[in-house]
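To keep things clear, I will list the structure first and then write my remarks on it.
The values are calculated or read from the model by the stated rules, or taken from the named source; none is laboratory data. A quick note: this is a predicted structure, and the numbers were derived from the prediction, not measured. Reconstructed Cβ throughout: ideal geometry from the backbone, glycine too, with neighbour counts over all protein chains shown. Quick note on the areas: whole protein, heavy atoms, side chains included, nothing else; ligands and nucleic acids left out. Shrake-Rupley method; radii C 1.70, N 1.55, O 1.52, S 1.80 Å.
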Amino acid sequence: SDAICNFVICNDSSLRSQPIIFNPDFFVEKLRHEKPEVFTELVVSNITRLIDLPGAELAQLMGEEDPKLPGANSTASGFFRSLMSLKRKEKGVVFGSPLTEEGIAQVSQLIEYLHKNLRAEGLFRVPGNSIRQQILKDALNSGTDIDLDSGEFHSNDVATLLKMFLGELPEPLLTHKHFHAHLKIADLTLFDEKGNKTSMPDKERQIEALQLLFLILPAPNRSLLKLLLDLLYQTAKKQDKNKMSAHNLALMFAPHILWPRNVTANDLQENIMKLNNGVTFMIKHSQKLFKAPVYIRECARLHYLGSRAHTSKDDLDLLTSPGSKELQPLKSQKRSRLDTCHQEETQQRTEEALKELFRHVHNMPDSAKKKKLIRQFNKHPTALTPGSDVPTSPAPRRTRSRSFSGLIKRKVLGTPVILERKSRDATPEPERVSKENVHLLQKCGSPAHMSQVKLKSLEGRKEESCRRMRAHLLSKDSSSL
C-alpha cells in the first residue's frame with residue numbers, strides 16, 4: 001500500500017495540475033500480482049463458461065499437465081526438436097532464449113522502427129538481406145546500441161528479423177498450453193432461433209474469450225503480444241500502400257505465435273485454416289483484446305474494496321473530493337440496479353426451468369409417480385407456475401355447507417327465499433346480521449351502525465317465514481288425513 005501511495009502522491013507542485021491517468025484494470029493487475037491463484041481461478045472459471053474444455057484440456061490450460069500437441073509422437077517432430085535444441089545452445093541472450101523483459105526491451109526497437117515504416121510494399125512478406133540481418137541480430141544478442149534510423153538497414157530486414165525472433169522462441173508466443181483453447185474459441189458460432197449452431201462466428205463471445213485467455217498469459221508474453229498485434233493492426237490499416245491485409249499478415253505470423261513448435265502442416269491438417277483465421281481475428285480486434293471484461297474488473301475491485309480494508313489512495317481522494325457526495329448516490333443506484341437485474345434474471349431462469357419441468361411431468365404416461373408429482377405441484381401453486389400453455393385439470397370446487405334451518409326454508413318457501421338471500425348478499429357487509437348477532441349487539445350496547453328500523457324489519461321477516469312454514473305443514477297434514 002505504501003508503494004501505491006508513493007505512486008499516486010506527487011510532491012512536485014508543478015505536476016499537480018496535470019490530469020490524472022485512470023487505469024480501469026488497476027485492481028485486476030493488483031489481484032494478478034498479489035494473489036495469482038485467486039486470479040487464475042476467477043478467470044478460468046469464466047473461460048470454461050464460454051468454451052467447452054474437457055478435463056485433460058482444462059488441466060493443460062491450468063499447467064497441471066503437459067500439453068498434448070498434434071504430431072508430438074512422430075519421428076519427424078523428434079528430429080526437429082533435437083535440431084532446435086542444438087541450435088539454441090549456439091544462441092545469445094535474445095534469440096532462441098525464453099522470453100524475458102530484457103529480451104522484449106531489445107526487440108521493441110525493431111517494433112518502434114517498423115511503426116515508422118509501414119508503407120513498404122510487401123512488408124513481412126518480402127525477405128531482406130541476409131548479411132544485414134545477421135549484423136543486426138548479433139548486435140541485439142550482444143546488447144549493443146543500434147541506430148536503425150541511420151539508413152544502414154531496410155524495413156524488410158527489420159521485419160524479417162522480427163519474425164525470426166518469434167520463430168526461435170522455445171514455445172510459441174501464445175504458449176503450448178493455450179493451443180486447444182484457441183481451437184475452441186475459433187468454433188464459437190451464433191445460434192439460430194431453434195437453438196442450432198450456424199456458420200456465422202459469434203464475435204462478441206470470441207472477443208470475451210480472448211480477453212480472458214490473454215489475462216492468464218505470462219506477463220512477458222502478454223506484453224510482447226500487445227506490441228506485436230498493435231503493429232500488425234497499424235500495418236493492415238495501410239494495406240492500400242503495403243498490400244498486406246490482416247489475413248495476409250496472419251499467414252505470415254500464425255506459424256510463429258500460435259502453431260506448436262516442431263510440427264509440420266501435415267500434423268495440423270484441417271486446423272490450419274482455423275488457426276490462421278484466429279490470428280486474423282486477433283489482428284482486426286486487437287484494440288479490444290487487452291481490456292479485462294467488466295465483471296472481472298468488478299470482482300477484482302470488490303475483492304479489495306468490499307470490506308474497505310485495502311482502500312488505495314485513489315479511492316481516498318475520490319471519497320474526500322467535493323464531488324464525492326454526488327458520486328455516492330450514483331454508485332448506490334447503480335449497485336441496486338445491478339442487484340435488481342440479477343434477481344430478475346435469476347427469477348426468470350427459475351420460472352423457465354419450472355415450466356419445462358411441469359411440461360415434462362404432464363407428458364409422462366399415467367402412473368402413480370405422475371400423480372404424486374402433480375400433487376406436489378398443486379401444493380405450491382404460487383411457486384410452481386406451469387404456464388398458460390400447459391393444460392391443467394381444474395381443481396374440484398368445494399360445496400358450500402348448508403344449515404338445516406336453511407334447508408327447511410328452501411323446501412317451504414321455494415325461490416322467494418333464494419331471491420331474498422341474493423338481495424341481502426348484495427347489501428353491504430354490516431347489514432347481513434343474524435338474530436343471534438342482534439342479541440349480542442344489544443347486550444354489548446353497541447348498535448351504532450344498525451338502526452332500530454332494520455332490526456324490526458329483520459324480526460318481522462323471521463316471524464312471517466315461521467307463519468308460512470306452520471301453515472304449509474298444517475296443509476300437508478290435513479291433506480294426508
Overall form of the range 96-170 per C-alpha gyration tensor (a/c, 1.5; a/b vs b/c):
prolate
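So which GluC sites (Glu not before Pro) in the range 39-73 pass both tests, a DSSP loop state and at most 15 other Cβ atoms within 10 Å of the Cβ?
Of the GluC sites (Glu not before Pro), the ones in loops of the range 39-73 whose Cβ has at most 15 other Cβ atoms within 10 Å are E64, E65.
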Selection of trypsin sites (Lys or Arg not before Pro), the range 97-193, meeting DSSP coil and at most 13 other Cβ within 10 Å:
K116, R119
What shape does the range 217-267 take by its C-alpha gyration tensor, where a ≥ b ≥ c are the square roots of the eigenvalues and a/c under 1.5 counts as rounded, a/b above b/c as prolate, and the rest as oblate?
oblate
Probe radius 1.4 Å, ligands and nucleic acids left out: which of R359, R261, R468 has the largest accessible area, and how do the rest follow?
R468, R359, R261
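Could you compute the net charge surrounding A300? Neighbours are other residues with a C-beta less than 11 Å from the C-beta of A300; K and R count +1, D and E count -1.
Values: positive: K30, R32, K35, R297, R301; negative: D25, E29, E34, E298.
So the environment of A300 carries a net charge of +1.
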So which of K163/K243; K184/K243; K137/K163; K116/K237; K137/K274 end up more than 23 Å apart by C-alpha?
K184/K243; K137/K274
Under 5 Å, built H, 5+ apart or other chain: amide partners of T189:
D202
Probe radius 1.4 Å, ligands and nucleic acids left out: which of T350, T189 has the largest accessible area, and how do the rest follow?
T350, T189
Between K274 and K238, what is the label-to-label distance in nm when each label sits 7 Å out along the Cα-to-Cβ direction?
3.6 nm
